[in-house]
Structures are given as C-alpha cells and as structure tokens.
Amino acid sequence: MKYNIRMANEKDAKAVHDIYGAYVPLDYVTFTVENPDVESYRQKIIHTLEKYPFLIAEDSDGKILGYACGSPLRPHDAYQWNVEWTIVLSPEAPKRAGIATALYNEFARILTDQGYRYIYGVLVDTNEASIALHKALGFKEVGHFENAGFKLGAWRGIVWYVKQIGNMAEEPHTPLPLS
C-alpha cells in the first residue's frame, strides 16, 4: 500500500475527530470519556503546529489513515526538551503496513531537528498493540501507574515509555519553532 506522510492542516480536523472518536468508547485505548467536537480538533491542530509536528498519514486517494502529534510533557521550563506524543491509526487502516513506524520516524526526525531530546508515550496498560509498537520502536518502559483512571466501570492503569532522540552531551538550546 502506498501512503504519504504530511503536516496536518485545519481541514484535517474532521478526520482526526472521527479517527480518535472511534477509540473513545473503548476502555483499553484512551482515558478520554467524551470525544471533543471538530472545532476543538481544529484548534488542537493549530496550536500543536506552533511548536510540535502534527503529522497525517494518507493513502493515494487522500483518505486519512492516522496521525501523530506532540504536546508538552509538563508545563515547567526545564521540561522543554521533552515531548509527549500521541499516535492514532484509523480502525480502517491496513494492519502491519508500516504506517505507524513511518509516522514515528518522521515525527522523531522533525523533533530532533528542532532540538528536542526525548519522546514520551503514556499508554493505557491494557493497550497491547500500542505497547508492542513502542517497544518495537525502541522505547523503554519507565513507569507503571496502576489504577490511574476509571472508565466504563473499571479502574485502568497507565504505562510511561520514553525514547531518547537527542544528544545529551551537547548544551541544549531552546527548541526551534516548527516553522
């Protein structure tokens, strides 16, 4: 299958809304209980692109297969070289086609060029597919918080994964804006 990785734009908000929304009713993928509206996703794309990549994978017909985006790990200045990433593939995206890996590779390349040092993933501890992806991409587990959230009548835990992408021996500069 042929697909393209590109930067998101405001017009992608509906597709991102629909892809993420497919997972909201499931207790093993996200702690989100109610999917935000399309305008919220439009705003998220705009604000994310101020500092971080928001990448779209689409097939040769322009159908969006998934996305990856970044957000701050924590609000304090000393964390500015860290990025929490989210990756979501459409339930209709072909399995084992390399889409998630391609999204990650482009995401990490851009962040490295910007001067970031680490990418973090925070996953529901029962999301076996996402855990396997992170391990395959070279992330390592650095924390497990049992019973961190309550959704659909049950407590669920989260696991934190991290991968170093930058050179820690160099003095860091403020990460460059995405532009």
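The values are calculated or read from the model by the stated rules, or taken from the named source; none is laboratory data. Note that the coordinates shown come from a computational prediction; the quantities given were computed from them, not determined experimentally. Cβ atoms come from the backbone with ideal geometry, glycine included; neighbour counts cover every protein chain shown.
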Legend entry - Conditions (1) over 12 Å from the mean Cα position of the chain (by Cα); (2) buried (at least 20 other Cβ atoms within 10 Å of the Cβ); number of the one not met by Leu55: (1)
Inset, instruction - Being touching a residue at least 60 places away in the same chain (Cβ under 8 Å), closer than 14 Å to Leu26 by Cα and in contact with a Lys or Arg (Cβ under 8 Å, 6 or more places away or on another chain) is the filter; apply it to the range 120-179 and report the residue that is surrounded by the most Cβ atoms within 10 Å (Cβ to Cβ). - result: Val124
Inset, instruction - Filter the range 29-47 down to residues that are more than 17 Å from Gly70 (Cβ to Cβ) and assigned to a loop (DSSP other than H, G, I, E, B) and give me whichever is nearest to the chain's Cα centre (by Cα). - result: Val29
Inset, instruction - Specify which of the listed residues (Ile45, Ile99) is in contact with an Asp or Glu (Cβ under 7 Å, 6 or more places away or on another chain), over 25 Å from Phe145 (Cα atoms) and either crowded, with 19+ Cβ neighbours inside 10 Å or of a type outside the set (A, V, I, L, M) (or both). - result: Ile45
Inset, instruction - Answer yes if at least one residue in the range 70-83 is part of a loop (DSSP other than H, G, I, E, B) and either among the charged types (D, E, K, R) or more than 17 Å from Glu50 (Cα to Cα) (or both), and no otherwise. - result: yes
Legend entry - Tabulated pairs, the range 98-115, first assigned to a loop (DSSP other than H, G, I, E, B), second not aromatic (Phe, Trp, Tyr), C-beta under 6 angstrom, 6+ apart or interchain: Gly115/His173; Gly115/Pro175; Gly115/Leu176
Legend entry - Enumeration of residues in the range 6-28 that are in contact with a Leu (Cβ under 9 Å, 6 or more places away or on another chain), closer than 25 Å to Glu128 by Cα and either small (Gly, Ala, Ser) or part of a loop (DSSP other than H, G, I, E, B) (or both): Pro25, Leu26, Asp27
Inset, instruction - Taking only the range 57-87 into account, find how many residues are over 21 Å from Ala22 (Cα atoms) and β-branched (Val, Ile, Thr). - result: 1
Inset, instruction - Determine, yes or no, whether Leu26 is of a type in the set (A, V, I, L, M), surrounded by fewer than 19 Cβ atoms within 10 Å (Cβ to Cβ) and under 20 Å from Gly121 (Cβ atoms). - result: yes
Legend entry - Residue that is surrounded by the fewest Cβ atoms within 10 Å (Cβ to Cβ) [pool: residues in the range 102-119 that are out of contact with any Leu (no Cβ under 8 Å at 6 or more places or on another chain), hydrophobic (A, V, I, L, M, F, W, C) and under 16 Å from Thr48 (Cα atoms)]: Ala108
Inset, instruction - Please verify whether the range 58-73 includes one or more residues that are under 24 Å from Ser179 (Cβ atoms), in contact (Cβ under 8 Å) with a residue 60 or more places away in the chain and exposed (fewer than 15 other Cβ atoms within 10 Å of the Cβ). - result: no
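For every residue, the table says whether it meets (1) modelled with pLDDT under 95; (2) in contact with a Cys (Cβ under 9 Å, 6 or more places away or on another chain); (3) farther than 29 Å from Met168 by Cβ.
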{"residue": "Gly66", "(1), (2), (3)": "no, no, yes"}
{"residue": "Cys69", "(1), (2), (3)": "no, no, no"}
{"residue": "Trp81", "(1), (2), (3)": "no, no, no"}
{"residue": "Thr86", "(1), (2), (3)": "no, yes, no"}
{"residue": "Thr101", "(1), (2), (3)": "no, no, no"}
